[in-house]
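Laboratory data are not the source of any read-out in this text; all were calculated from the coordinates shown. The model shown is predicted, which means the values in this text are computed figures rather than measured ones. Cβ placement follows ideal geometry from the backbone for every residue including glycine, while neighbour counts extend to all protein chains displayed.
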Amino acid sequence: MTQAERLYYRDDPDEMLLRPLDGLTLIYHRPSGITHIVDSPVPEILAALSHEPLPARLLLESLSADYDLEGEGEALDNLAAHLEELCALGLARAR
Amino acid sequence: MSAALLASLLRAPQGAGRLGARDWNAVMAAARAERLLATLAFRLEGVALPDPVRAVLDDACFDAEREKRQALWEADRAAAALAPLGIPVVLLKGAAYAAAGLKAGEGRMIGDLDILVPRSRLEEAERALLAAGWEWVKPDPYDDAYYRQWMHELPPLIHRERDRMIDVHHTILPLTARPVPDAGAMIADRVDLGGRLSILSEEDRVCHAVAHLLADGDMAGGLRNLWDIRCLLSDIEDISRLEHRAALHGLAQPVARARRLCEHLFGRASVDLGMVDQMFVARLLSADGWGRNGRRLLGQGFYVRSHLLRMPPLMLARHLWTKWRKGHRPA
Amino acid sequence: MRHHLLLAIGPARFRIGSAWRGPIDALRRLYAAYPQSSQDDAVADFTVRLEPAGIGRRWWRPSVRIAGDYHLPDAVPMALRHGLLAAEMGMNLQMALGWRRHLLIHASSVEKGGKVLVMAGESGSGKSTLAALLGERGWRLMGDEFALLDFATGAIHPFPRLVSLKNQAIDVMRREVDDAARFGPLMAATPKGDIAHLIPAAEAVSRMSEAAPPALLLFPRYGHAPDIRAVGEGEAFMHLTQASTNYVACGEAAFTALHRFVTTVPSIALDFSSGNEADRMIGRLWREHAG
């Protein structure tokens, strides 16, 4: 395990309310009161996150088990980018 | 009259049973003008109220609850931006009361996020916040220079997406003011809340609220601030520690005044008020039954006074003139 | 405040105070059929104040500043002859900024057969005039400016204030409504153009506490060749969050109520170039979706 690996997790699954809409997903984030509209793979990524901080590569493994993901090398970069964006929005956390 | 009725209800909520429609309309308008409506609702919990009154108070509580959640979220975001740099984030005012579950936080309408950071880390903090999506509110170079040179805080920042403001303080009073509180001691003696946030010690919380009420601001929002102080004082067991700390910060006289005013308006004992105390009481009770700030003239006096405290007299006239030309008016 | 009035519109009660008698007299007359009382008898949800906009402006070139529980600090003062409009704007502002008991949407609404047609749009879309027109042609007018969505039941609640008619709409409705007494004074050249108020039909006022479930959401656009297009749920949701003044303030309840609304009520964009044309198109759509 590399020492600089970022670990991602979620505080509390109850803090988000999800609703499907027109093929997209609406998220009401209770702590901030902000409504987000997101598309795949964001809801799937959020579902894969838990209380336990995990590096992106392990999250990718768990997502690959359930979903078809394209291009091994790119997929990890894409996932990491999504995770960082979710952290910036406060929907996920990292350490 | 209406503000006095408000103060008496806050002091003794069981008096609510005697009020008719006219009094309710008046006291709720005054409470709203003083941002004390949700506080009043909390104090009246468990008291039998007419349905339309209960409906308005419930709405106010709903708003206060939402503001509290948003304030704590802003605090979370500020900590996310600053904690990785090892900058201690000390919450001030409403956000602090809410985060720590203090009585002063009950029904408190919280506005901007106020935080205190060490002066030596101010520039770093500024860069980190700008990188995390906050941006400047006032691009005016005159205001900017004024803030950086004289004030106790950075010029206000607002978050680009969330549209919420943050005020980053490095001490609690402007650098030109006469009392010079010991900001370093305040930060050193902060209380950790877990997570990456902290608040001032219980004595320093009172000192800060007093500085804000009496030595800094123009007393708009004064009654609400005095209520904060009353709640904070009720958490303190050892008054001598407070007096000692107030002396350290050069705030002994203002803290003593605040204690007298609290006792007079919200307490049970009768208090000897001096002339200046009485002027403060008049200003604090100036909201009327239509939600107006009745004593406009007196209000002007306090606005000028607040600037006097902030800047040496020679600089004052130039500053007010420039602000006047740009269309600023005391509210 | 020297002159004042307490007035109920739908579920909201307003205490309106004024430095001048004129606006209060006008409100009393135009809202005669609505529940009115005084601040001594009833507790209001909101206070509106019509104040002189500066020292001496009560008498010399009288100028009205709108104030109250909620106010906009940069608002431009209005001439006293537009005082009635100032009062209306004051009440709208309190609702828009302070109402929490329903989700507030900038939309008109009319009811027929126990179901509600909601028409969402900004100024100029034609939503207000259409609602006023339908309100004279067999529909019950519920509101021309705000539709109130119930968080628990999803029903629409009436807020039948005086209908605010602008410019050509005034002539349209004068042709439609026989009774001149139902119109307020013409206020010419206000910041929003020429304005006159229309008192809603008696039934709209007497039934102002009767809610009903929505059956159709329209996005009308006046001044285009007639057209009807389905609107996706996602698009409707986005439009309505923008058309709601208190969506963010109402939090989670607003989220779930609005989601339920757009996923259970069909949304349709309606382009039209005349009131009669719109009336016919709406008739067909209503038979299809609510019949």
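Each of the peptides C:99-105, B:74-80 was scored by the mean count of other Cβ atoms within 10 Å over its residues; in descending order, highest first, they stand as C:99-105, B:74-80. Between segment C:43-80 and segment B:37-74, the alpha-carbon centres lie 27 Å apart. Seen against the Cα atoms of chain A and their longest principal axis, helix A:56-66 is set at about 70 degrees.
Since only C:34, C:228, C:24 are under comparison, the one whose Cα sits farthest along the positive direction of the charge dipole of chain C, derived from C-beta charges on Lys, Arg, Asp and Glu, is C:24. Segment residue C:209..residue C:137, full-extension length gain: 23.8 nm, with 0.36 nm per residue of separation and the alpha-carbon distance subtracted.
For the segment C:81-89, counting C-beta atoms of other chains within 10 Å of every residue's C-beta and taking the mean gives 0.
Computed over segment C:93-181, relative contact order equals 28 percent, with contacts defined as Cα pairs under 8 Å that lie 6+ residues apart. A crude spin-label estimate for the pair residue C:277 and residue B:51, with each label 7 Å from Cα along the Cβ direction, gives 4.7 nm. About the centre of its Cα atoms, chain C shows a dipole size close to 700 debye [charges on the beta carbon of Lys, Arg (+1) and Asp, Glu (-1) only; nearest 20 debye].
Simple spin-label estimate for residue C:166 and residue A:37 gives 2.5 nm between the two label positions (7 Å along the Cα-to-Cβ direction from each Cα).
Packing here is the average count of other Cβ atoms within 10 Å per residue, and on that basis the peptides A:46-57, B:281-292, highest first, run B:281-292, A:46-57.
Here the dipole of the protein assembly as shown is about 3680 debye; that uses its Cα centre as origin and unit charges on the Cβ of Lys and Arg (positive) and Asp and Glu (negative). Multiplying the residue separation of residue C:112 and residue C:260 by 0.36 nm and subtracting their alpha-carbon distance yields 51.1 nm.
Averaged over the residues of B:22-31, the number of partner chain Cβ atoms lying within 10 Å of the residue Cβ comes to 4.
Annotation: the antiparallel percentage among DSSP beta bridges lying fully within chain C is about 75. Label-to-label distance for residue A:57 and residue C:155 is 6.1 nm, based on points extended 7 Å past Cα in the beta-carbon direction. Shielding by partners for peptide C:250-258, expressed as the average number of C-beta atoms from other protein chains within 10 Å of each residue's C-beta, is 4.
Between residue B:130 and residue B:248, the contour length at 0.36 nm per residue exceeds the alpha carbon distance by 39.0 nm. Can you check what the Kirkwood hydrodynamic radius comes to for the protein assembly as shown, Cα pairs only, in Å to one decimal? Its Kirkwood hydrodynamic radius stands at 28.4 Å. Farthest towards the positive end of the charge dipole of the protein assembly as shown, among the residues B:282, B:131, C:162, is the Cα of B:282, using unit charges on the Cβ of Lys, Arg, Asp and Glu.
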